[in-house]
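Below is one structure, written out as structure tokens; comments come after it.
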């Protein structure tokens with residue numbers, strides 16, 4: 001089976017800084033994968049390369065066998081680390097906007113999730129708290145029926161209760177044919193829902209494994225192993 | 001019984017143990033239908049693939065039966081459930097005795113102590 005995401009000797013330099021320093025990686029379909037690394041390790045750069053917001057200095061990144069571009073954006077649902085939605089729009093307007101823009105957008109699903117979170121679709125974005133804005137954004141991203149979800153720090157700004165809801169949203173919306181890649185450094189909160197983990201440091205992969213393998217072989221949680229590998 | 005997952009052991013083995021306990025305690029009675037993998041995963045807040053793996057192992061053991069069209073049920077073989085229950089009890093007791101012996105108790109002392117505490121609990 002063709003990997004949904006593949007990196008071949010992928011490199012990205014910013015001046016003399018090697019943000020991504022030669023990564024080889026294959027991610028299969030139907031997995032929830034944690035892209036884990038300390039601040040500045042290259043997580044966001046990889047995700048931006050996958051969305052063609054950046055172009056590689058050398059090497060290749062392929063989505064479902066294709067270079068990132070218009071075609072791959074149809075099958076990739078991306079949650080950036082920063083919000084890009086227009087503040088003056090209401091949630092409802094944004095949902096209409098998304099459903100015009102993406103053919104795989106499921107409005108019914110979006111309204112359903114809003115209801116469960118007690119968010120009023122008529123509310124303007126500018127009137128929402130930071131945490132609620134993040135929730136709306138995640139709802140929009142997860143309401144697409146994409147093959148690959150790229151979530152950059154989806155739980156950074158929300159309280160622990162909302163974190164649980166967000167993780168639940170991810171579990172209940174992903175299906176066997178899609179892959180979710182979550183970049184984060186909040187490992188203990190998400191390791192229960194991950195299949196695989198990728199540890200990256202200084203733009204290089206230091207470890208790839210499954211969560212249960214790590215626990216089996218090392219007798220410790222992914223969080224504990226992370227603290228050990230990345231000890232300052 | 002709520003799901004309680006520790007962070008230092010594989011998740012799927014913990015799921016197996018906890019589903020076993022739910023079966024032995026009667027929370028999932030013999031022949032009962034199990035919720036879907038997705039619902040169970042959501043309830044335990046774990047990855048559906050991990051829940052699937054745990055259920056497959058229970059299927060291999062024979063405690064859970066998969067039907068082609070109507071999902072999964074708990075086995076109706078009450079003898080098997082009883083047997084698993086005894087196995088679990090034996091393991092628990094062996095662990096307990098090991099600890100007691102480590103503390104320096106003789107077999108006879110352990111028995112007397114158990115009898116005494118059971119008496120007091122009445």
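Taken together, the values in this text are just the output of simple stated rules run on the coordinates, not laboratory data. Quick caveat, the model's predicted, so the values are computed rather than measured. Virtual Cβ from ideal backbone geometry, glycine too; neighbours counted across all protein chains shown.
Of note:
- Difference of contour (0.36 nm per residue) and Cα-Cα distance, residue A:207 to residue A:116: 29.0 nm
- Rg and Dmax, both from the Cα atoms of segment B:79-121 and both in Å, are 12.8, 37.
- Modelled label positions at residue A:108 and residue B:95, each set 7 Å beyond Cα in the direction of Cβ, lie 4.7 nm from each other.
- Sorted by Cβ density within 10 Å, fewest first, the residues B:25, A:16: A:16, B:25
- Per residue, the convex hull volume that the Cα atoms of the protein assembly as shown enclose (Å³): 193 Å³
- Segment A:18-97 and segment B:60-117: distance between their alpha carbon centers, rounded to Å: 49 Å
- Taking the three principal axes of the alpha carbon atoms in segment B:11-76, the coordinate ranges are 27, 27, 20 Å, sorted in descending order.
- Size descriptors for segment A:74-164, from the alpha-carbon set: Rg then Dmax equal 12.2, 33 Å.
- FRET efficiency, 1/(1 + (r/R0)^6) with R0 45 Å, evaluated for residue A:26 and residue B:113 via beta carbons: 0.15
- Computed over all pairs of different Cα atoms, the Kirkwood value for the hydrodynamic radius of chain B is 16.5 Å.
- Computed from Cα positions, the angle between helix B:48-61 and the longest principal axis of chain B comes to roughly 70 degrees.
- Among B:106, A:145, the order by Cβ neighbours within 10 angstrom, fewest to most, reads B:106, A:145.
- Average Cα contact separation per residue, chain A, under 8 Å, 6 or more apart, as relative contact order %: 27 percent
- Distance between segment B:7-55 and segment A:199-226 - C-alpha centres, whole angstrom: 24 Å
- Here, P(r) means the percent of Cα pairs in each 5 Å bin from 0 to the largest distance; for segment A:17-91 it is 3, 12, 22, 24, 19, 11, 5, 3, 1.
- Taking label points 7 Å from Cα along the Cα-to-Cβ direction, residue A:2 and residue A:84 give a separation of 2.4 nm.
- Per-residue ellipticity at 222 nm from helix content only, as computed over the protein assembly as shown with -39500 (n - 2.57) for each DSSP H run of at least four residues, stands at -13500 deg cm²/dmol.
- Angle of helix B:78-102 to the longest C-alpha principal axis of chain B, folded into 0 to 90 degrees and rounded to 10: 40°.
- Each label point was placed 7 Å from the Cα along the Cα-to-Cβ direction; for residue A:100 and residue B:57 their separation is 5.2 nm.
- Relative to the longest principal axis of the Cα atoms of chain B, the long axis of helix B:107-121 makes an angle of roughly 70 degrees.
- Highest mobility in the GNM of chain B, judged by mean-square fluctuation with C-alpha springs under 10 Å and restricted to B:51, B:103, B:40, is found for B:103.
- Counted by neighbouring Cβ atoms within 10 Å, the residues A:7, A:232 run from fewest to most as A:232, A:7.
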